[in-house]
Amino acid sequence: MKRASSVIAAIAALLGAAACAQTPAAGDHPPIVGAWDVTAIDGAAVPADVTATVAFAEDGQVSGVGGCNRYGGRYSYAGGVVTVSELFATKMACMEPNKMDVETKFHQRFTGDLKVALASGGALTLGADAGSLVLRPAAQ
């Protein structure tokens, strides 16, 4: 019971801190805002039985599923670069090897400064020297 109270208190503190964060001015939102499905990591397709998502909110929050666990954090966008920071994630151990493999690779790539490339077909590539993620707009 004590642990549950601590977890709830930690979540409440994170939400409170996020609520106090400065939000961008109206009409000043980066082109990455929205919900995305991760379709490839380092050029390899994400298996059809694995879901990996990214949602960039207008207020600078990012969240989604890394393949197995839910995650959240902050991002900023300037000059064609998105900086992902303060990431936290649940700690479920998925028994399916595909999910854990995607989870590990996703979190290795989805951190720090990532160059943004928007393709005319709607794909979004987030890349760094270590590798890249390819995202497609999520189905509504």
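Can you give the alpha-carbon Rg of region 45-91 over 2.2 N^0.38 Å, where N counts its residues?
1.24
Tell me, in nm to one decimal, what length is gained between Asp129 and Thr111 on full extension, where the rule is 0.36 nm per residue of separation less the Cα-Cα distance?
Fully extending the segment from Asp129 to Thr111 adds 5.3 nm.
HN-Hα J couplings of region 84-95 from phi, Karplus 6.51/-1.76/1.60, θ = phi - 60°, integer Hz, Gly and Pro as x?
The phi angles translate into 9, 8, 6, 6, 9, 8, 5, 10, 6, 9, 6, 7 Hz.
Could you pull out every residue, at least 5 positions away or on a different chain, whose amide H is within less than 5 Å of the one on Thr39? Hs are placed 1.01 Å off N in the peptide plane, and Pro or chain starts have none.
Those qualifying (amide H under 5 Å, at least 5 residues apart or on another chain) are Val134, Leu135, Arg136.
Using amide H atoms built 1.01 Å from N in the peptide plane, name the residues 5+ places from Thr51, or on other chains, whose amide H lies under 5 Å from its own.
Under 5 Å from the amide H of Thr51: no residue qualifies.
Net charge around Met100, counting only other residues with Cβ within less than 13 Å of its Cβ (Lys, Arg = +1; Asp, Glu = -1)?
For residues surrounding Met100, the net value is -1.
Tell me, what is the percent relative contact order of region 25-137, built from C-alpha pairs under 8 Å that lie six or more residues apart?
After rounding, I find 25 percent.
Can you give the FRET efficiency to the nearest 0.05 for Glu86 and Ser120, using r as the Cβ-Cβ distance and R₀ = 30 Å?
In this case the efficiency is close to 0.40.
How many angstrom separate the Cα center of region 66-80 from the Cα center of region 35-63?
Going from one Cα centre to the other spans 9 Å.
Taking the Cβ of Val81 as the center, what net charge do the other residues with Cβ under 10 Å away carry, scoring Lys and Arg +1 and Asp and Glu -1?
0
We did not get these values from a lab; they are worked out from the coordinates using the rules stated. Treat the numbers as computed from the prediction; the structure is a model and nothing was measured. In this analysis, Cβ positions are derived from the backbone assuming ideal geometry, glycine residues included, and neighbour counts consider all displayed protein chains.
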